[in-house]
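The values are calculated or read from the model by the stated rules, or taken from the named source; none is laboratory data. What you are looking at is a predicted structure, and each value in this text was computed from that prediction instead of being measured. Cβ sites come from the backbone with ideal geometry, for glycine too, and all protein chains shown count toward neighbours.
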Amino acid sequence: MDKRLYDVTALGELLIDFTENGTSAQGNPLMEANPGGAPCNVLAMLTRLGKKTAFIGKVGKDMFGNQLKEAVEETGIDTRNLVIDDTVHTTLAFVHTYPDGDRDFSFYRDPGADMMLSRDEVQKDLIESSRIFHFGTLSSTHEGVREATRYAIDVARNAGCIITFDPNLREPLWKSLEDARKEIEYGLTKCDVLKISDNEVEFLFNTTDYDEGARLLQEKYHIPLILITMGKDGSRAYYKDLCVSADPFLQEHTIETTGAGDTFCASILNYVLVHGLEGLTEENLREMLVFANAAASLITTRKGALRVMPTKEEVLSFIASRS
């Protein structure tokens, strides 16, 4: 598997995040059109860390679709399976940022091009030539793209790929939260590595005891490596009988948290590519979490995510400055 052409292929949404960037002379909010979408943010960070990546998804044949294609290619992500839709516009998200950096999303996606990807548009050989296949649940909110996602997961499993999953729950995009729960649970049955946030653990198990949430995930789904992100409380890794915690790198200059979870996720996948999933030690898990927490912290000081991911050297320098 080490000789495969791509390190990571991801399937999912690619959209424009309109983020607030000051106010006009009339007092109206100014919005900046940032390239966004969790899967490509993950790939952008992996590419920055020297890995070869590819994306499977769909955008509209419009100014935003063109902007996204150019941005993704500019970062070095392979776009051979980025499909252009002639009839449906690119998905848009408007992001409101609170003073503490947290966010609220308003989506324009009924329909949006990303949810129109079909099974027959997924390039099977691309997945088969990848070491890791990564996905989330925004590509399972509607029937057609859900079928495409499940087909891609099956191809990845049959090809012996490591399968990684980030639920990335966005409640406004689901017809019902029960649908969201079902699709998250489906992903949990398929993955080898799970990156999940504290609020998603609460959603699934109605508990803020994250150790208990991890125990339930391991017991029910037998996932080899589980990462729980907890914002300002840091992160935890669960592997076999090991549980390792790492403190966050809190920033005085946080602008927004967009892309922090994706940067963390990419850092974890990069570690798995280098070290594999067998025989990880407590020291391995701590090293993995510290780097991922530091990378996620750095991205919160920058506007957007996809184009401004930190380098390995930046992350290591940042860690050294805090030690």
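Can you say whether residue 34 is surrounded by 14 or more Cβ atoms within 10 Å (Cβ to Cβ), at pLDDT below 95 and under 17 Å from the mean Cα position of the chain (by Cα), as far as the supplied structure shows? Spell out how you get there, then give the answer.
Values: surrounded by 14 or more Cβ atoms within 10 Å (Cβ to Cβ): yes; at pLDDT below 95: yes; under 17 Å from the mean Cα position of the chain (by Cα): yes.
The answer is yes for residue 34.
What number of residues in the range 26-40 are part of a loop (DSSP other than H, G, I, E, B) and free of Cβ contacts under 8 Å to residues at least 60 places away in the same chain? Steps first, please.
Start the filter on the range 26-40 by keeping residues that are part of a loop (DSSP other than H, G, I, E, B), which leaves 26-28, 37.
So of that shortlist, the ones also free of Cβ contacts under 8 Å to residues at least 60 places away in the same chain come out as 26-28.
Of the residues in that region, 3 qualify.
For residues that are free of Cβ contacts under 8 Å to residues at least 24 places away in the same chain and at negative phi, scanning just the range 247-277, find the one that is surrounded by the fewest Cβ atoms within 10 Å (Cβ to Cβ).
Among residues in the range 247-277 that are free of Cβ contacts under 8 Å to residues at least 24 places away in the same chain and at negative phi, the one surrounded by the fewest Cβ atoms within 10 Å (Cβ to Cβ) is 252.
Go through the range 42-96 and report how many residues are outside any helix (DSSP H, G or I) and touching a Cys at 6+ places or on another chain (Cβ under 8 Å). Show your work before the answer.
Filtering the range 42-96 for residues outside any helix (DSSP H, G or I) gives 49-62, 76-96.
Remaining after also requiring touching a Cys at 6+ places or on another chain (Cβ under 8 Å): 55, 57, 77.
The qualifying residues number 3.
Evaluate the range 127-142: report whether one residue or more is assigned to a strand (DSSP E or B), of a type outside the set (Lys, Arg) and surrounded by fewer than 24 Cβ atoms within 10 Å (Cβ to Cβ).
Looking through the range 127-142, none of the residues is assigned to a strand (DSSP E or B), of a type outside the set (Lys, Arg) and surrounded by fewer than 24 Cβ atoms within 10 Å (Cβ to Cβ).
For the list (1) free of Cβ contacts under 8 Å to residues at least 24 places away in the same chain; (2) part of a helix (DSSP H, G or I); (3) of a type in the set (Asp, Glu), I need the number of the one condition that residue 104 fails.
Of everything listed in (1) free of Cβ contacts under 8 Å to residues at least 24 places away in the same chain; (2) part of a helix (DSSP H, G or I); (3) of a type in the set (Asp, Glu), residue 104 misses just condition (2).
How about the range 7-25: which of its residues are hydroxyl-bearing (Ser, Thr, Tyr), part of a strand (DSSP E or B) and without any contact (Cβ under 8 Å) to a residue 40 or more places away in the chain?
Scanning the range 7-25 gives a single hit, 23.
Kindly provide the set of residues from the range 230-246 that are under 21 Å from the mean Cα position of the chain (by Cα), in contact (Cβ under 8 Å) with a residue 40 or more places away in the chain and farther than 17 Å from residue 189 by Cα, ordered by number.
Initial filter on the range 230-246 (under 21 Å from the mean Cα position of the chain (by Cα)): 230-239, 245-246.
From the residues that got through so far, the ones that are in contact (Cβ under 8 Å) with a residue 40 or more places away in the chain too are 234-237, 239, 245-246.
Of everything in the range 230-246, those that are under 21 Å from the mean Cα position of the chain (by Cα), in contact (Cβ under 8 Å) with a residue 40 or more places away in the chain and farther than 17 Å from residue 189 by Cα turn out to be 234, 235, 236, 237, 245, 246.
Listed residues 97, 91; which is surrounded by fewer than 19 Cβ atoms within 10 Å (Cβ to Cβ), touching a residue at least 60 places away in the same chain (Cβ under 8 Å) and closer than 30 Å to residue 22 by Cβ?
So the residue among 97, 91 that is surrounded by fewer than 19 Cβ atoms within 10 Å (Cβ to Cβ), touching a residue at least 60 places away in the same chain (Cβ under 8 Å) and closer than 30 Å to residue 22 by Cβ is 97.
Pairs under 7 Å by beta carbon, first residue surrounded by 14 or more Cβ atoms within 10 Å (Cβ to Cβ) in the range 154-168, partner hydroxyl-bearing (Ser, Thr, Tyr) and at pLDDT 95 or above, six or more apart or different chains?
161/130; 167/137; 168/137
Against the definition (closer than 23 Å to residue 224 by Cβ, of a type outside the set (A, V, I, L, M) and in contact with a Lys or Arg (Cβ under 8 Å, 6 or more places away or on another chain)), how does residue 183 come out, yes or no?
For residue 183, the condition - closer than 23 Å to residue 224 by Cβ, of a type outside the set (A, V, I, L, M) and in contact with a Lys or Arg (Cβ under 8 Å, 6 or more places away or on another chain) - is met.
Can you tell me how many residues in the range 301-323 are crowded, with 21+ Cβ neighbours inside 10 Å and on the phi < 0 side of the Ramachandran plot?
Counting residues in the range 301-323 that are crowded, with 21+ Cβ neighbours inside 10 Å and on the phi < 0 side of the Ramachandran plot gives 5.
Any residue in the range 237-248 that is modelled with pLDDT under 95, over 26 Å from residue 11 (Cβ atoms) and β-branched (Val, Ile, Thr)?
For the range 237-248, residues modelled with pLDDT under 95, over 26 Å from residue 11 (Cβ atoms) and β-branched (Val, Ile, Thr): absent.
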